[in-house]
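For reference, the structure discussed in these notes is given below.
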Amino acid sequence: MTEAVLFDLDGTLADTAPDLGGALNRLLNEEGLPALPLQQLRPHVSGGARGLIQAGFGLFPGDAAYAGLVVRFLRHYENNLCTDSTLFPGMAELLETLEERGIKWGIVTNKQQRFTLPLVELLGLRRRAGCIVSGDSAPRPKPHPAPLYLACAAIQVAPGQSIYVGDDLRDIVAGKAAGMRTVTAAYGYLGVDEPFETWQADAIIHDPMEILGMIGPHVRMN
């Protein structure tokens, strides 16, 4: 029986691309470069600062200007964490249904805690989530399974009784390594590398409410 559903944050639980893309475009403007359309940036959002700096400037870690641009990018983002970020359509209803059924849910993200906790607070979810595991919460981030093990320990649910939902290949790799059922959120950002159909997740969903079909009937225990 499924006892918990864990979610990646950016591109799975919440659509944060408008604010992350906005931070990049402010940085581009500072450098005298034109802003990029959000639709062009969305596939790169799962790559975090590295993915967006690469998309905007064509730079990689180790390039001379890279580190300085990342610092400035993160400063812009921190100042506008939740201006236009929202839960994906259907996610609020899914979380309410999980709570009504007594199924625990939590967040496991590679986003640093300094951004994760304020963002989840602004989304109104911090006190509802059973756990919030950030990229710097565990010894190693995803695709290592350590963050998922930490989440399961926090909510006292075995990995085998949990589902992990994500929109990036590393989410599926981490979930499988942890012994969880894995779900690809095809409505998310999905990266720019391997097609999501090849990730070998246990399921692919196009709407958050489809998760309920994997859980089946569940009775809250008093």
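Taking only the C-alpha atoms of the chain, the Rg (one decimal) and the largest Cα-Cα distance, Dmax (whole number), read 17.2, 60 Å.
Residue-wise HN-Hα couplings along the stretch 104-121, as the Karplus relation 6.51 cos²θ - 1.76 cosθ + 1.60 with θ = phi - 60° gives them from phi, are 6, 9, x, 10, 10, 10, 8, 5, 5, 4, 4, 9, 4, 5, x, 5, 5, 4 Hz; Gly and Pro carry x. For the stretch 17-79, averaging the sequence separation of C-alpha pairs within contact (under 8 Å, six or more residues apart) and dividing by the residue count gives a relative contact order of 37 percent. With the simple spin-label model, which puts each label point 7 Å out from Cα in the Cβ direction, the Ala186 to Arg127 separation comes to 3.8 nm. If you average the C-alpha positions of the stretch 153-193 and of the stretch 64-131 separately, how far apart do those two centres end up, in angstrom? The stretch 153-193 and the stretch 64-131 have Cα centres separated by 16 Å.
Under 8 Å for C-alpha pairs, at least 6 residues apart: give me the relative contact order for the chain, rounded to a whole percent. Please list the in-between numbers first.
Values: 397 pairs, mean separation 55.9, N = 222.
Relative contact order for the chain comes out at 25 percent.
Expressed per residue, the C-alpha convex hull volume of the stretch 17-79 stands at 69 Å³.
Computed from label points 7 Å out along Cα-Cβ, the spacing between Glu96 and Thr198 is 4.0 nm. Charges were assigned to the Cβ only: +1 to each Lys and Arg, -1 to each Asp and Glu. The resulting dipole of the chain about its Cα centre is roughly 640 debye. Projecting the Cα positions of His206, Ile53, Gly135 onto the charge dipole of the chain (unit charges on Cβ atoms of Lys, Arg, Asp and Glu, taken about the Cα centre) puts Gly135 furthest along the positive direction.
Filter the trypsin sites (Lys or Arg not before Pro) in the stretch 90-128 to those in DSSP coil with at most 12 other Cβ atoms within 10 Å of their Cβ, and list the result.
Details: sites: Arg101, Lys104, Lys111, Arg114, Arg126, Arg127, Arg128; in loops: Arg101, Lys111, Arg126, Arg127, Arg128.
For trypsin sites (Lys or Arg not before Pro) across the stretch 90-128 that sit outside H, G, I, E and B with at most 12 neighbouring Cβ atoms in 10 Å, the list reads Arg127.
Pull up the DSSP beta bridges for the chain and report the antiparallel fraction as a percent, rounded to 5.
Numbers: 2 of 20 bridges.
So the antiparallel bridges in the chain amount to around 10 percent.
Every number here is computed from the coordinates shown, using simple stated rules; none is lab data. Predicted, not measured: the structure shown is a model, and the values here were computed from it. Reconstructed Cβ throughout: ideal geometry from the backbone, glycine too, with neighbour counts over all protein chains shown.
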